[in-house]
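For reference, the structure is listed below as C-alpha cells.
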Amino acid sequence: MHRCLFILVSCLLVWQCSGKKTAPGKAAKMPKNGHEKMIAILDSISQYADPNECYNLNAKKAALLKQQYDSAPAKDKLTMQLRYADQILRAGKNEAAIMEFQDIINKLGDQLTQQSKPVYELLALAYLRLGEQQNCINTHTSESCILPIQGAGVYKMTSGPESAVKIYERVLKDFPEDEQVRWLLNLAYMTLGKWPDSVPKAYLISPKAFQAKGDIKFRDIAIPMGLDTRGLSGGVCMEDFNNDGHLDLFVTSYGLRDQCRYYQNNGDGSFTERTKEANLTGILSGLSTNHADVDNDGDRDILILRGGWLLGGTHPNSLLRNNGDGTFTDVTIESGLLSFHPTQAADWADFDGDGWLDLFIANETQDAKRPHPCELFRNNGNGTFTNIAAKLHLDFVGFFKAATWGDLNNDQRPDLYISNLYGDNKLLVNRGGASPEAWVFEDIAKKAGTTGSGHTFPSFFFDYDNDGLDDIFCSDYSIDLNDQGPRPYVKEILGKQPPGSWISLYHNQGNEKFENRSKQAGLNTITYAMGNNFGDLDNDGWTDIYLGTGKPDLSSLIPNRMFRNVNGQRFEDITMNGFGQIQKGHGVAFGDLDNDGDQDIYVVVGGALEGDLSNNILLENPGTPYHWITIFCEGKNCNRDAIGAKIKVNTIQKDGKKRSIWATVGTGGSFGAASLRQEIGLGDATRIESVEVTWPKPGLPPSVYTNISLDSHIKLVEGNSSAEPVNLTTTKFKI
C-alpha cells in the first residue's frame, strides 16, 4: 500500500490526535465527527508526506539532499551541490541559493561554456527571484508584476535584478540566440525602470509587444480591499454564500499546510475575513475548488480538490456543507465522497435528471502501476453519494486536467468533456438510460473532432458566438522536460512561433460535429494556461476569456492573458490592458462584486514550488456604456440552482435589429468558479423583448418571461409565468 494512503488509513483505524503530544496519563482526544476527522487527516498528510513524491516540499527535499551530499564520494559532490542549490532556490531561500551557485561556478573556474551555461542561468534566476521576493512579493503594490512593469511596480530594492542583468548580458554575449535569456533580461530591465532605453539594442524585445489595445483598462484593488492573499497556486469560488445579495470569496492554496480562506462581502464596499468564524480552521490545502447547492436547501456548498500533479497525491477532497448560518462543515466522510486520488478537476451536473446534482471527478494517473480511475458520484438525495463510474464505464484512467459539463445537442441532458494532458480528450454525450445504473455515455470525441492536441489542460463549454449551441475551448500545455522555461512563448513574441495546436476553439456545427476555428478567431497562440474562466468585460454581449498562465519552473515568467471577443468572430489580445500579471495564474472568477452591473475579476496567483509565493489580485471593472441584466434561476423539478439551464435573452438593439444573447447557468471555467447568478451584457439594447429559459431536465417545457427592464436584477422560477425583481444594493469599493 502506498505510504501516504497507509498513513491515512492508519489514522482512520487507530486514530491519534493529529500527531500532537498527549500529556502523560491522559488519553488522546478522539475526533468526534467527520469534520474533525478530515482536519486530522489533512494534518497527518502534511506531517508525513514524502518530499520525493510531493515536489512542492522543497525545503524537506533540500534537507535530504544535504544529508546525501555529506556522505557522497568526492566525484559526485558537485552534482549533489547543484541539486541541493536548485532545491533551496525552489524553496524560496534565494540568498542561500546565490551563494551555492556562485560557489559551484568558482569551482568550475568561472568558465561560461555550453555545459556550464545552465548554472549561470540559475544564478541569474536566483538574483531575479531575490528581487521579486523583496519587491513584487514582500512589498507588493497594485502595479507589481503586471506587464508592462511601470510606476509603483518598479523595484525599490535593485541589487537582485542589477546582478541578474550582468549575468544575462554575459550569457547573451556568447549565446545571442537564447530567446529565454533575452526575455528575462528585458523583464529585469523593466523592474529597474530602465526599459526599453537601457537594453542593448541587439537584445531588446520590441515595445510593441507590450502595448495596450483600445480603452479598456482594469486595475488591481486587492490590497486596499484586504484580498491580496499570499500563497501558492489554488482555486477560488465567487458566490453569495450567506444569501445577503453580495458575492463572497472562498480561496485555497496548494501548500499542504495552507489554510483555506473565506472572505465575506460586507455589502458596503469592503470585505472581512471570517475563516475562523466560518468553522474552516484546519481545512488545509487545495489546488482547485468549485461550488453548488448539492442538497437543494437554497445555499451553496463548496468542493475542494487536492493532490493534483503530485505522484504522492493520494489526498482526500473535501465537501463543505453550507449550514446556512455563516458556517461550513466538512461532510466528506458522511456523504460517501471520501477517496484518495490526486485531482484538480471536477464538475457538478444532474446527469440523470432526478433533480439532484451529481459529481464527476477526473483523477490523475502518472504511474500506470498506481492507477487513479475517474469517479462519478450519484447524488442519492439524502446527503449521500454513490460512485457508479465503473457501472457506467466512466472510470477512465489518464492524466486528466479538466472536466466540464455542457449540453452540446440541446436535449436537456448534460454532456461531459474531459481534457487529457497525455492523450486524447473525451467528449461524452449523455444518451440517457432506463435507470441510473444503466445510463449510457458515448465518447464521440474522434468523430466530432474534439480530441485536442494530445497535451491539453483547461477547458470549458461556452457559446462564444451566440448561436445557441455550446462550443468548446481547450488549451495546449505541452511539457518539454528538457526546457521548463517560457522559450516557445518568447519565440512567438519574436515572430518565430513554433508549430503546434496551442489553443483549440471548437465551434459547434450542430449534429454533434465541431470545427476548430482557433486560427480564424485569432487564438492560435501559446499561453501555457492553467487557470481559466470567461465573462463579459464590457457588457457588449460577447463572452471574453481570461487565462491564468505559467509553468512550475521559476523562470516561467509569462503574463496571464485576456482575450476580448469581437462580435463572436474573433478574439483580440488585450493582455497589456492591466491583465498581464507575470506570476503564476490559477483560479479565475468573473463576477459583479459591487452589484454595479459590470464584472470584476479575482485571480489566485502563485506557483507550485514551495517558494513561488505571490499575492492574489482583484481587477476592478472601470465600467462600460452598455446595458446588462442579472438573472437568478431557481429550479423546482430540476436542481435548485438550475445548473445547466440555458438562458436566451431576446433584445431590440439601438439600430432596431433583433439580437439574442445566450448564457448557461454554471460556474464557468474548469479552474475557477464564478457565481451561479448569470450576469449578462446586452450591448446597446434599447429593450428586452423576452427571456427564455430551457430547464436542465428532459421533458420540462421552456419558460418565457416578458416585461423585464434593462439594467435590473431578476429571479426566474421554474413554473412561474413572470419574473420576480431582486433588490440588490450597489456599493462602491472602499479603496
- log10 I(q)/I(0) for region 96-155, Debye formula on C-alpha points only (no solvent), q = 0.18, 0.19, 0.25 Å⁻¹, two decimals, reads -0.67, -0.70, -0.89
- Message: Quick check on the chain: helices-only [θ] at 222 nm, where DSSP H runs of length 4 and up contribute -39,500 (n - 2.57) each and the sum goes over total residues. Nearest 500, please.
- Response: -5500 deg cm²/dmol
- Message: Can you tell me the orientation of helix 77-90 relative to the chain, as the angle in degrees between its alpha-carbon axis and the longest Cα principal axis, to the nearest 10?
- Response: 40 degrees
- As a Kirkwood estimate from alpha-carbon pairs, region 580-679 has a hydrodynamic radius in angstrom of 15.9 Å
- Task: For K77, go through the lysines and keep the ones whose alpha-carbon is under 16 Å away, minus same-chain ones fewer than eight residues off.
- Result: K66, K107
- Query: Tally Lys/Arg at +1 and Asp/Glu at -1 over every other residue whose Cβ is under 9 Å from the Cβ of D463; what's the total?
  - Reply: -3
- Mind jotting down the three principal axis lengths of region 403-490 based on Cα atoms? Whole angstrom, largest first. 51, 32, 20
- Query: Among the lysines, which have Cα under 23 Å from the Cα of K32 when same-chain residues fewer than 8 positions away are ignored?
  - Reply: K20, K21, K276
- Query: Ignoring any ligand, DNA or RNA, what whole percent of the accessible area of the chain comes from carbon and sulfur when the probe is 1.4 angstrom?
  - Reply: 49 percent
- Message: Once each part is reduced to its C-alpha centroid, what is the distance from region 57-87 to region 541-615 in angstrom?
- Response: 37 Å
- Message: Under a crude label model (7 Å from the Cα following the beta-carbon direction), how far is E169 from V397 in nanometres?
- Response: 5.6 nm
- Item | Kirkwood-based shape ratio for region 145-228, expressed as Rg/Rh from alpha carbons | 1.04
- Note on the structure: Projected onto their principal axes, the Cα atoms of region 475-539 stretch, largest extent first, over whole-Å spans of 42, 29, 22
- Query: Got a sec? Which residues in region 75-99 would a label at A59 touch, if it sits 7 Å along Cα→Cβ and we count backbone N under 13 Å?
  - Reply: 88-94
- Can you list the HN-Hα couplings for region 583-596, worked out from phi with the Karplus curve (6.51, -1.76, 1.60; θ = phi - 60°), rounded to whole Hz and with x for Gly and Pro? 6, 4, x, 10, x, 10, 9, 8, x, 8, 6, 10, 6, 9
- Over region 671-735, volume per residue of the alpha carbon convex hull, in Å³: 150 Å³
- Note on the structure: Here, S721 and N52, labelled 7 Å along Cα→Cβ, have an inter-label distance in nm of 7.2 nm
- Note on the structure: Between the alpha carbon centres of region 397-454 and region 680-702 the gap in Å comes to 26 Å
- Query: In degrees from 0 to 90, rounded to the nearest 10, what is the angle of the helix 58-71 Cα long axis to the longest principal axis of the chain?
  - Reply: 30 degrees
- Hydrodynamic radius of the chain per Kirkwood, over alpha carbon pairs, in Å: 26.4 Å
- Message: Using the Cα centre of the chain as origin and beta-carbon charges of +1 (Lys, Arg) and -1 (Asp, Glu), tell me which of I361, A608, I39 is placed farthest towards the positive end of the dipole.
- Response: A608
- Message: Keeping every protein chain present and rolling a 1.4 Å probe, give me the accessible area per residue for region 359-455 in Å².
- Response: 37 Å²
- Run the numbers on region 591-670 and let me know its relative contact order in percent, using alpha-carbon pairs under 8 Å that are six or more apart. 18 percent
- Query: What is the Cα coordinate range of region 356-446 on the first, second and third principal axes, sorted by size from largest, in whole angstrom?
  - Reply: 35, 30, 18
- So, counting K/R as plus one and D/E as minus one, what does the shell of residues with Cβ under 11 Å around E239 add up to? -4
- Message: Please report Rg (one decimal) and Dmax (integer) in Å for the Cα set of region 77-192.
- Response: 14.3, 45
- Long-range share for region 559-625, i.e. C-alpha pairs more than 16 Å apart as a percent of all pairs, stands at 55 percent
- Query: Going by alpha carbons, how many degrees (0 to 90, nearest 10) lie between the helix axis of 159-174 and the longest principal axis of the chain?
  - Reply: 80 degrees
- Coarse-grained scattering of region 481-597 at q = 0.21 Å⁻¹, given as base-10 log I(q)/I(0) from a Debye sum over alpha-carbon atoms: -1.28
- Task: Enter the Cα centre distance for the pair region 137-176 and region 616-648, rounded to the nearest angstrom.
- Result: 40 Å
- Quick one: Karplus J couplings for region 229-235, per residue in order, coefficients 6.51, -1.76, 1.60, θ = phi - 60°, nearest Hz, x for Gly and Pro? 3, 9, x, 9, 4, x, x
- Accessible area per residue, Å², region 165-221 with all protein chains present, probe 1.4 Å: 52 Å²
- May I ask you to compute the full-extension gain from Q211 to A438, defined as 0.36 nm times their residue separation minus their alpha-carbon distance, rounded to one decimal in nm? 76.2 nm
- Query: How big is the C-alpha Rg of region 631-704 next to the rule-of-thumb value 2.2 N^0.38 Å, as a ratio?
  - Reply: 1.19
- Message: From the P(r) of region 188-323, could you give the percentage of C-alpha pairs in the tail past 18 Å?
- Response: 65 percent
- With T = 20 °C, eta = 1.002 mPa s and Kirkwood Rh from C-alpha pairs, the Stokes-Einstein D of region 283-349 in µm²/s is about 175 µm²/s
- Message: Placing unit charges on C-beta atoms (Lys and Arg positive, Asp and Glu negative, everything else neutral), compute the dipole magnitude of the chain about its Cα centre in debye, rounded to 20.
- Response: 2120 debye
- Item | Which listed pairs, of K156/K194; K213/K658; K401/K551; K648/K697; K447/K697; K61/K93, have C-alpha distances above 19 Å, in listed order | K213/K658; K447/K697
- Query: Can you give the accessible area per residue of region 564-690, in Å², using a 1.4 Å probe?
  - Reply: 27 Å²
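The values are calculated or read from the model by the stated rules, or taken from the named source; none is laboratory data. Quick caveat, the model's predicted, so the values are computed rather than measured. Ideal geometry is used to build each Cβ from the backbone, glycine not excepted, and the neighbour counts take in all protein chains shown. These accessible areas exclude ligands, DNA and RNA; they are computed on the full protein's heavy atoms, side chains included. Shrake-Rupley method; radii C 1.70, N 1.55, O 1.52, S 1.80 Å.
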